[in-house]
């Protein structure tokens, strides 16, 4: 098999992993090739609009497991390939020196045993770091069930190590991934959390959940995320709209991946990490799924309209964050400017703060942007939905992958 | 008459002139690079002599914060036609308000400076990712690019850390500037100064083909969203990116 044929097979089967971020590490170059950029760098964008920053491949797509949703499951009749460690190093170095990539994302099917697979991954990373003197970004997938000693070794070679939790409930996992179990994944997370330092997975860990393959609600999924953020200090949880690659009676028969739902989960995930919201603020047992028509923050605002409109010149930083359309960056701009002068709508526009959504929820110097009769749940909701539709028709909304 | 003060080189000579203007309490109507603009009917050019450029630079460095210096440097790299007078006015505000100017965006020159600086850094950041090197027969890696702002210095400093063990050349085709790195230092040459670089491509087909193959494979068909792609990766950069140049 040629290198090209291998690359096709092993990148095709790696593409469903959402993570491609390269941020959070400050690894510097010491007489070799490469360094990490703390902000991360996108090198290209694929036809699906997702950022390409890492050479995302599997070491092999052979696997002894038979997870229902996975294209590489044992029972599938697909072409199998395996890269040798040297082949992976050569492609990585050659791509890196031409500035195609920011580094390597290496995952793998499980061959022989979890420990054996992990040893192969370590061998590859060791070669890349020590023989090729590569100091660029490496994100590697830990193999559930491999020994802790191996995991600790892996962590010293990579910028980020992650393990995918795949499904938010252990029942879902039992049903679709009978060879995996949650404890094996959370054990990995625990080890990484405890050992993390400048020389051990400096960019932290992430994980991924599949959305829409089982019956879980958004509350189940986001609750799981909140739990993971709190207990294992995860940097990111990625959500991956289920795409039917296999036919199985246990899997839902859907035509299109639930992209809007995935987008809502990402929006809510941002609210957890940067906006001080809790899952309980956003969802409840009576209302366990997000409104598909409206983003979670605006939805929350409309349900708590008595807290609005907020006065731009006096609202606290955290109150500013509750204004739809205002994020941490804009809130900081507002706070650092209003010390020196009173802000009007025009001043906000001048600072490039978009008022498209925010205008319904704020006053500037006591003034509302138009007749206050507009300040009414139904009217605002209708306007926001309309604007969202315009945006999603342009197709720019579903794109939260670059960090 | 409009008094236009003329500088004749890069950032250093511009800043030295600006400091000289402040020292002598001169308010210019404009500041321009020599031979870079058309003289208007009511314009008069003034060449102010700067005795010691380095001393003026030192003076300014001691007076303003790193953040402010970073900001005006970025504005200077921009393609904005009024950048010189914007920087002059920014500094005037800075001398009045100190570090707090960054919170006074109701002052036009401050707001503009912050926005232009962000725009320059944004373009430089994009190009740090979008630049594509090819391997040449003489073992140099060569990349050409076209940008709105003059970001070759930012790029060269980025790659001199990242690719410190290789020889490379970055070529700004619009401005005719080369940054050449020989594993030790970067030198800058213009089109006229470059005599022969012998830029003949190595036989790259295999690696370039692998990259194009990877690019095609990694996109998920069911999620195709070309509009979104174009928002993040504007078409103006495509002609120097091998994985998408065929789609132009």
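Filtering region B:88-101 to residues that are within 10 Å of chain A (Cβ to nearest Cβ) and crowded, with 20+ Cβ neighbours inside 10 Å leaves only B:101.
Here is a yes/no grid of residues against (1) surrounded by fewer than 16 Cβ atoms within 10 Å (Cβ to Cβ); (2) modelled with pLDDT of 95 or more; (3) closer than 26 Å to residue A:8 by Cα:
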residue	(1), (2), (3)
B:131	no, yes, yes
B:169	no, yes, no
B:202	yes, no, yes
B:213	no, yes, yes
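Going through (1) assigned to a loop (DSSP other than H, G, I, E, B); (2) over 23 Å from residue A:244 (Cα atoms); (3) at pLDDT 95 or above one by one, residue A:47 falls short only on (2). Any residue in region A:25-36 that is at pLDDT below 90, more than 7 Å from chain B (Cβ to nearest Cβ) and farther than 24 Å from residue B:206 by Cβ? Yes: region A:25-36 contains one or more residues that are at pLDDT below 90, more than 7 Å from chain B (Cβ to nearest Cβ) and farther than 24 Å from residue B:206 by Cβ. Within the set A:359, A:349, A:332, the sole residue that is within 33 Å of the chain's Cα centre (by Cα), buried (at least 21 other Cβ atoms within 10 Å of the Cβ), free of Cβ contacts under 8 Å to residues at least 40 places away in the same chain and not in a loop (DSSP other than H, G, I, E, B) turns out to be A:359. Taking region A:1-20 as the search range and keeping residues that are within 20 Å of residue A:240 (Cα to Cα), in a helix (DSSP H, G or I) and in contact (Cβ under 8 Å) with a residue 12 or more places away in the chain, which one is farthest from the other protein chains (Cβ to nearest Cβ)? Checking each candidate, the answer is A:10. As a summary of the residue check, residue B:79 satisfies the conditions (1) under 29 Å from residue A:101 (Cα atoms); (2) crowded, with 17+ Cβ neighbours inside 10 Å; (3) touching a residue at least 60 places away in the same chain (Cβ under 8 Å); (4) assigned by TED's automatic domain parsing to the domain that holds residue B:14 except for the one numbered (2).
When region A:316-325 is examined, which residues are found to be farther than 16 Å from residue A:369 by Cβ and either in a loop (DSSP other than H, G, I, E, B) or touching a residue at least 60 places away in the same chain (Cβ under 8 Å) (or both)?
Result: A:316, A:321, A:322.
Cβ-Cβ distances below 6 Å connect the following pairs, each with a first residue in region B:23-50 that is under 13 Å from residue B:8 (Cβ atoms), a second residue that is surrounded by fewer than 13 Cβ atoms within 10 Å (Cβ to Cβ), and a separation of six or more residues or different chains: B:34/B:8.
For region A:212-226, taking the residues that are at pLDDT below 95 and over 19 Å from residue A:286 (Cα atoms), the one that is nearest to the chain's Cα centre (by Cα) is identified as A:212. Taking (1) at pLDDT 95 or above; (2) buried (at least 16 other Cβ atoms within 10 Å of the Cβ); (3) farther than 21 Å from residue B:124 by Cα in turn, residue A:15 satisfies each apart from (1).
Within region A:372-379, does at least one residue satisfy the condition of being away from chain B (no Cβ under 14 Å), more than 34 Å from the chain's Cα centre (by Cα) and either assigned to a loop (DSSP other than H, G, I, E, B) or within 14 Å of residue B:107 (Cα to Cα) (or both)? Looking through region A:372-379, at least one residue is away from chain B (no Cβ under 14 Å), more than 34 Å from the chain's Cα centre (by Cα) and either assigned to a loop (DSSP other than H, G, I, E, B) or within 14 Å of residue B:107 (Cα to Cα) (or both).
Just to check your reading of the model, which residue among B:195, B:170 is farther than 15 Å from residue A:99 by Cβ and either in contact with a strand residue (DSSP E or B) (Cβ under 7 Å, 6 or more places away or on another chain) or in a loop (DSSP other than H, G, I, E, B) (or both)? Outline the logic, then answer.
Working: B:170 fails: farther than 15 Å from residue A:99 by Cβ.
None of the others qualify; the one that does is B:195.
Hey, residue B:187 hits all of (1) farther than 30 Å from residue A:254 by Cβ; (2) free of Cβ contacts under 8 Å to residues at least 60 places away in the same chain; (3) within 14 Å of another protein chain (Cβ to nearest Cβ) but one; which does it fall short on? Unmet for residue B:187, out of (1) farther than 30 Å from residue A:254 by Cβ; (2) free of Cβ contacts under 8 Å to residues at least 60 places away in the same chain; (3) within 14 Å of another protein chain (Cβ to nearest Cβ): (3).
Filtering region B:217-246 to residues that are more than 8 Å from chain A (Cβ to nearest Cβ), under 24 Å from residue A:14 (Cβ atoms) and modelled with pLDDT of 95 or more leaves only B:242.
Has region A:331-338 got any residue that is farther than 30 Å from residue A:38 by Cα and modelled with pLDDT of 95 or more?
yes
The sole residue among B:142, B:181 that is within 14 Å of chain A (Cβ to nearest Cβ), touching a residue at least 40 places away in the same chain (Cβ under 8 Å), assigned to a strand (DSSP E or B) and within 20 Å of residue A:100 (Cβ to Cβ) is B:142.
Conditions tested, residue by residue: (1) out of contact with any strand residue (DSSP E or B) (no Cβ under 6 Å at 6 or more places or on another chain); (2) part of a loop (DSSP other than H, G, I, E, B); (3) at pLDDT 95 or above.
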{"site": "A:39", "(1), (2), (3)": "yes, yes, no"}
{"site": "A:42", "(1), (2), (3)": "no, yes, yes"}
{"site": "A:57", "(1), (2), (3)": "yes, no, yes"}
{"site": "A:62", "(1), (2), (3)": "yes, yes, yes"}
{"site": "A:71", "(1), (2), (3)": "yes, yes, no"}
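Restricting attention to region B:222-248, the residues being surrounded by fewer than 13 Cβ atoms within 10 Å (Cβ to Cβ) and more than 21 Å from residue B:208 (Cβ to Cβ) number 2.
You will find that of B:116, B:152, the residue that is crowded, with 18+ Cβ neighbours inside 10 Å, more than 10 Å from chain A (Cβ to nearest Cβ) and closer than 27 Å to residue A:27 by Cβ is B:152 and no other. For region A:20-79, how many residues are touching a helix residue (DSSP H, G or I) at 6+ places or on another chain (Cβ under 8 Å), surrounded by 19 or more Cβ atoms within 10 Å (Cβ to Cβ) and within 21 Å of residue B:128 (Cβ to Cβ)? Final tally of qualifying residues: 18.
Taking region A:285-299 as the search range and keeping residues that are surrounded by 19 or more Cβ atoms within 10 Å (Cβ to Cβ) and without any contact (Cβ under 8 Å) to a residue 60 or more places away in the chain, which one is nearest to residue A:345 (Cα to Cα)? Here the residue is A:297. Elements of the type helices (runs of 4 or more DSSP H) sitting completely within region A:111-218 and holding at least 2 residues that are touching a residue at least 60 places away in the same chain (Cβ under 8 Å) and buried (at least 16 other Cβ atoms within 10 Å of the Cβ): these cover A:114-126, A:170-176. Taking residue B:124 as the residue in question, decide whether it is more than 10 Å from chain A (Cβ to nearest Cβ), surrounded by 20 or more Cβ atoms within 10 Å (Cβ to Cβ), within 19 Å of residue A:53 (Cα to Cα) and touching a residue at least 24 places away in the same chain (Cβ under 8 Å). Against the criterion (more than 10 Å from chain A (Cβ to nearest Cβ), surrounded by 20 or more Cβ atoms within 10 Å (Cβ to Cβ), within 19 Å of residue A:53 (Cα to Cα) and touching a residue at least 24 places away in the same chain (Cβ under 8 Å)), residue B:124 qualifies.
The values are calculated or read from the model by the stated rules, or taken from the named source; none is laboratory data. Keep in mind that this is a model prediction, so the values were computed, not measured. Every residue, glycine as well, gets a Cβ built from its backbone with ideal geometry; the counts of neighbours run over all protein chains shown.
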